[in-house]
Every structure is written in structure tokens, then in C-alpha cells.
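**Q** Here it is: the structure, laid out below.
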Amino acid sequence: MNLKTIALALAASAVAISATAAGEHLKSLDAKQIDPAIPAGTDFYSHVNKRWMDQHPLTAEHARYGKFNILSDSSEARVKQIVLNLAATNPQPGTVAFKVSTIYNQAMDSARRNAEGAKPILADLKRIENTPHEGMEDLFLWMHGNYASPFFQAGPMEDLANSNVYAMYVSGGGIGLGDRDYYLSNDKRNKEVREAYKKLIVKQMMNAGYKKKDANRIMNNVMKIETALADSTWTREESRNIPAMYNPRTFAQLKEMYPAINWDRFFIETMGIPSPEQVIVTEINTVKQADNLMVSLTDREIKDYYLWKYVSQAAGMLSDDFTNAAFDFSKVMSGVQQQRPRWKRALGATEGAMGEAVGQLYVEKYFPQSSKDYMIGLVENLRTALGKHILNLEWMSDDTKLKAIKN
């Protein structure tokens, strides 16, 4: 097939798709939202946004509010009705409808969770506390397989060099604040977040039943470990260097690079899969820091780190004491001053546990074949437009254009 043939095909498909989608076109830009009283050359942001902001004043629940928030609100309202109506259908145990309805109702049952307090997690906290030295490897694998990703992360995703296959990745991680600057930078904003995080750790560990003295010890050990991990974590700029993150290693090389981790047990016991022949290490030095820490820290320090990882992940499913403490911290991080309504949080928990199942119910009710056809048309319109753009690129050879259009 030559370029002329491809160009004709693109033109024909564009006509067909436009005819199909014309009746379902949705206006994407409302000219009435543009304020002509504010010159675009003087203040373009206000020129296009001021009327929107005037008509949609920011509420205490949001840090921002745009068109995507309106779509999100609409979807949440629809999902809420779907879930609430499930109970009326008397779903059979084991069905998707029964599971979704049950999780939502449990998430809404604040009276039960407040009465239970930290009881649901005490047995696991005790397991962490009572693990002997010879059981620390088992404890690490149990944590990675069930509750958190202490020290580093691992998991499959598309191979960066070949998107047709999946690869196993080992990456840096293990820091609760996500960004290294929160731990290492001493400007006012980062120090504010860091201090709020320390308060959060102490508060949540006290909610979990620890005395203030012990909660402070846990906080100090967590900050020691996470700051050490942050020190080797890549900067935001370094993280944009995708080729530098692609470091394939054989399984034997992985074991040699990071000997503190029992890789022979890791994948089978945390993911239920055989050890891969090859892994891709994204941040070699960051994972090495984790490897070093695992042999240099005391059992007490590691246990305190695990305790916080566990409690932090469980907090959203526990009593209001836990969720309120987490929200106090999020106010510092995001500026949001009001928690989302409980039903929205319950929906979030339900979708987090059974997102694909909720999606299946949503599609059955709100995504008919006509909507699917419209979205296919939209995607094909994009392909057509990109194809035309590629054909007109002066710097690209004809052979490359052919390959780009075929893909």
C-alpha cells in the first residue's frame, strides 16, 4: 500500500465517521464562558476562566473544580443509584450485585466501625510486634504480599521497549509522602507538610492503641527510614528520563545486586507467580538503598516501619478517629477544608475493592451500543486527523510515514 492509497482511505473513513457521529456531537467549548471584557493578551487565564469561576465558587470540599469534576459528580450520582437499588433486587450471595451492595453497606456502617475502633487490626499489629528475629524475612514477605510495599515496589506492566508484552518491574518506593522534597527540602511549605506527617503518624498509632511515648518512637523510626529512602529517590526531573529507567536484568543479576532480599521466595510468595527470567529495575540506586537498609536497621526499627505502613493503609476502613486524623493531614496537603460526604467515601471504597464489577453494572445501565459507537467514532476521528498530520510532515520519510499510519 502506498501513501496515495492510504490518504484516500483516511479521507473516506473521515466522511463515514463524521456522518455517524454528527447526531451525537457534544459541545466541547462554550463561547459564553469566555469574558471579552478581559483582553486575552493581558490575562488569558481570566479571559477564559473568570466567568466559570464566578458561576462555580469553590466549596470547602474541593481544591479545584472544573468540567471533569462535573463529569465525576454525574458519574458518582449514577453509581450511587445503581448501588442503592441493588438491595431491592435481593441479590444472591456470591453474585457481583451482592458483593458490591455488601461492601457499600459496610463502608456506610460508621456506627459499627466506631464501636470496633482498632479491634479489626489488633491481631495483625500483634503479629508484627511478636515476630522473632528469625521470622523477619517471613514478615517482610507477608507485608509485601498482603498490606503494603515496604522499602520498594514490584509488579508487572507493559514492557517499555515492547508494549505487546508484559514485564516485571522492581522500583523504588516505600515513602509515605511520595516526593523526596517533603523529606529533604527545608523551605516553609515542605517543612509544614513534614511536620503534619509526623503528627499524623503519632495520632494514628495512638488511635491504634499505642501510648504516646511509643507512638513517638514509631514516628521517629519511620522518618529515619523514609528520609533515607527519599535521599536516594530520583528527583522529578530525573524521573522524566524514561530511557534511564529501563534497566533489564536477569534474575541471577537481580539476586546479586540486592542480596538482602530473598528473591527466590519473593515473587511466588507475594504474587503467586514463578520467579521471572528477567526483571526491569527502574531506579537501581534507590532499590540498592532499600537493600542496604534491610540489613543495617534493627528489628525494632523495621517493625515500627511496618506498623505504620499497616495502619496507614488500614485507616480508611476503620473508625472516624482514623479517617478524621487522615483528613486533618490531607487539609495541609491539599487545602481542602471539608471531607467528602460519607456516601462518596463509601462509593470510593466500593470501587477501590471491586472497580471492574461496579464498571460492569454501570455499563449495563448507562453505556448502550449507541454510546460505544460514538466513542469508536471519536477515536477513529483522532486516528484520521493524526494520519493527515503524518502525511504532511516534511521531515519524515515515506517509509516511516507508512509505518506510523499502520500502527
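**Q** Filter the stretch 170-199 down to residues that are acidic (Asp, Glu) and surrounded by 12 or more Cβ atoms within 10 Å (Cβ to Cβ) and give me whichever is modelled with the lowest pLDDT.
**A** Asp179
**Q** Moving to a separate point now. Residue by residue through the stretch 274-287, note down the ones that are farther than 13 Å from Gly174 by Cβ and either modelled with pLDDT under 95 or not in a loop (DSSP other than H, G, I, E, B) (or both).
**A** Answer for the stretch 274-287, where residues must be farther than 13 Å from Gly174 by Cβ and either modelled with pLDDT under 95 or not in a loop (DSSP other than H, G, I, E, B) (or both): Gln278, Val279, Ile280, Val281, Ile284, Asn285.
**Q** Would the stretch 18-39 turn up any residue that is among the aliphatic types (A, V, I, L, M), at pLDDT 85 or above and assigned to a helix (DSSP H, G or I)?
**A** There is no residue in the stretch 18-39 that is among the aliphatic types (A, V, I, L, M), at pLDDT 85 or above and assigned to a helix (DSSP H, G or I).
**Q** How many residues are hydroxyl-bearing (Ser, Thr, Tyr) and under 17 Å from Ser72 (Cβ atoms) when one looks only at the stretch 321-365?
**A** Result for the stretch 321-365: 3.
**Q** When you go through Tyr45, Tyr104, Tyr65 one by one, which is the residue that is touching a His at 6+ places or on another chain (Cβ under 7 Å) and more than 30 Å from Glu269 (Cα to Cα)?
**A** Every option except Tyr65 fails the conditions.
**Q** So, one more: Run down Ala63, Ala118, Ala111 and say which single residue is buried (at least 16 other Cβ atoms within 10 Å of the Cβ), of a type outside the set (Val, Ile, Thr) and within 29 Å of Asp328 (Cα to Cα).
**A** The unique qualifying residue is Ala118.
**Q** Residue check, Phe266 against (1) crowded, with 18+ Cβ neighbours inside 10 Å; (2) in contact with a strand residue (DSSP E or B) (Cβ under 6 Å, 6 or more places away or on another chain), all met but one. Which one?
**A** Evaluating Phe266 over (1) crowded, with 18+ Cβ neighbours inside 10 Å; (2) in contact with a strand residue (DSSP E or B) (Cβ under 6 Å, 6 or more places away or on another chain) leaves (2) as the failure.
**Q** Only one residue in Ala161, Ala154, Ala167, Ala111 is of a type in the set (A, V, I, L, M, F, W, C) and either farther than 21 Å from Ile242 by Cα or without any contact (Cβ under 8 Å) to a residue 24 or more places away in the chain (or both). Which one?
**A** Selected residue: Ala111, the only one of Ala161, Ala154, Ala167, Ala111 that is of a type in the set (A, V, I, L, M, F, W, C) and either farther than 21 Å from Ile242 by Cα or without any contact (Cβ under 8 Å) to a residue 24 or more places away in the chain (or both).
**Q** Out of (1) in contact with a helix residue (DSSP H, G or I) (Cβ under 9 Å, 6 or more places away or on another chain); (2) modelled with pLDDT of 90 or more; (3) over 30 Å from Arg127 (Cβ atoms), what's the single condition that is false for Ser397?
**A** (1)
**Q** Restricting to the stretch 148-169, give me the number of residues that are farther than 21 Å from Lys303 by Cβ, surrounded by 17 or more Cβ atoms within 10 Å (Cβ to Cβ) and under 17 Å from the mean Cα position of the chain (by Cα).
**A** Total meeting the criteria: 2.
**Q** Which of the numbered conditions does Thr131 fail, given that it passes all the others? Conditions: (1) of a type in the set (S, T, N, Q); (2) touching a residue at least 60 places away in the same chain (Cβ under 8 Å); (3) closer than 23 Å to Gln339 by Cβ; (4) surrounded by 13 or more Cβ atoms within 10 Å (Cβ to Cβ).
**A** All conditions pass for Thr131, except number (3).
The values are calculated or read from the model by the stated rules, or taken from the named source; none is laboratory data. For clarity, every value in this text was computed on a predicted model and none was experimentally measured. Glycine gets a Cβ as well: all are built from the backbone with ideal geometry, and neighbour counts include every protein chain shown.
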